[in-house]
1. Pull out a ≥ b ≥ c, the square roots of the eigenvalues of the alpha-carbon gyration tensor of the stretch 114-235, then state rounded if a/c is under 1.5, prolate if not and a/b is larger than b/c, and oblate in the remaining case.
2. Under the Karplus relation 6.51 cos²θ - 1.76 cosθ + 1.60, θ = phi - 60°, what is the ordered set of whole-Hz ³J(HN,Hα) values for the stretch 235-242, x standing for Gly and Pro?
3. Per DSSP H run of at least 4 residues, take -39500 (n - 2.57); add these up for the chain, divide by its residues and hand me the 222 nm value, nearest 500 deg cm²/dmol.
4. Take every Cα-Cα distance within the chain, group them into 10 Å bins from 0 onward, and report for each bin the whole-number percent of pairs it holds.
5. Once the principal axes of the Cα atoms of the stretch 23-79 are found, what is the range along each, listed largest first in whole angstroms?
6. Quick one: accessible area per residue over the chain, 1.4 Å probe, rounded to a whole number of Å²?
7. Please identify the GluC sites (Glu not before Pro) of the stretch 172-279 that satisfy two criteria: DSSP loop assignment and at most 15 other Cβ atoms within 10 Å. Which are they?
8. Taking only complete DSSP H runs, can you tell me which helices of the chain stretch 20 Å or more along their own long axis by Cα positions and average at least 0.5 on the Kyte-Doolittle scale?
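The values are calculated or read from the model by the stated rules, or taken from the named source; none is laboratory data. Bear in mind that the values here come from a model prediction, so they are computed numbers and not experimental data. Here the Cβ positions follow ideal geometry from the backbone for every residue, glycine too, while neighbour counts run over all protein chains shown. The protein model used for the area step is the full one, side chains on, heavy atoms only, and it has no ligands, DNA or RNA in it. Shrake-Rupley method; radii C 1.70, N 1.55, O 1.52, S 1.80 Å.
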Amino acid sequence: MTTVAEPDEILAPVPPRRLIVSVYGLYARERGGALSVSSLVRLLGGLGVDGQAVRSAVSRLKRRGLLEPQKVGGAAGYRLSPALADVLAEGDERIFSRRRAGAGEGWLLVAFSVPESARDQRHQLRSLLIRLGLGTVAPGLWVAPAHLEAEVSHALDRAGLRGYTELFRSRHVAGRPLRETVASWWDLDALAGQYSAFVARQEPVLHAWRDADGEPEQAFADFVTLVTVWRRLPYLDPGLPLEALPESWVGDRAEELFGDLRARLAGPAREHVSTVLDP
């Protein structure tokens with residue numbers, strides 16, 4: 001069974017480095033992938049992050065090979081590395097256009113065998129499959145909704161791990177009831193806790209915006225936080241069929257809440273970004 005982090009992570013303050021990655025994903029790519037440090041400081045200031053914290057987070061992202069130095073209008077700045085650009089592009093569909101599978105669509109099975117001499121690759125492969133949200137059927141056998149075949153295949157190729165794996169399409173034809181089976185592949189109780197924490201954090205934001213119109217800068221702060229907090233959930237739940245999930249699945253409410261807030265905040269948030277980046 002694939003384990004899920006504690007809900008406290010959803011409720012905790014968001015680290016500046018994660019906010020910066022979201023800002024790059026949402027706004028830098030349409031501007032050639034680069035932002036000046038001064039612009040980042042101004043934007044993140046609206047999220048309560050001071051300039052020194054922004055610069056420290058950018059330095060850490062640079063050391064990890066996720067950002068690369070580049071002048072922006074003659075000022076110091078950073079552009080997305082190809083690696084981070086690929087990850088963000090891959091994440092767009094999961095985050096903003098996630099597809100929920102139907103029970104009759106079948107499953108993708110990933111079988112792998114890694115020799116003891118390649119122990120590091122075994123760890124890398126397991127980490128990749130966990131990041132993509134696959135469940136575990138048995139040691140060396142992982143499962144996902146079938147519509148993720150192209151994404152999983154591309155990720156294995158990009159990581160240089162395809163040679164250790166075999167991919168199969170399958171249908172669940174016999175055994176325990178589907179809900180019971182899926183609950184043995186994914187930790188659905190922990191996943192429900194993550195969704196519930198997201199709802200608890202974001203419902204007050206939606207109520208506040210329903211009660212009164214806010215300023216574009218506040219919309220930007222709320223939208224970037226929303227996307228950053230939501231980002232991991234579509235990977236923990238890779239679009240599992242509703243028929244395979246518990247009744248009154250809280251993930252439905254969380255997904256609806258994300259969509260409502262996105263529709264309300266994305267426009268005014270972009271207005272604020274334009275005032276900072278395109279004065």
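1. Values: a/c = 2.93, a/b = 1.82, b/c = 1.61.
Verdict is prolate for the stretch 114-235.
2. 8, 5, 10, x, x, 5, x, 4
3. On the way: 12 runs with 151 residues, N = 279.
So the helix-based figure for the chain works out to -17000 deg cm²/dmol.
4. 6, 26, 31, 24, 11, 2, 0
5. 26, 22, 22
6. Working: 13260 Å² over 279 residues.
In whole numbers, the chain has 48 Å² accessible per residue.
7. 247
8. Going by DSSP H runs, the hits are 216-230.
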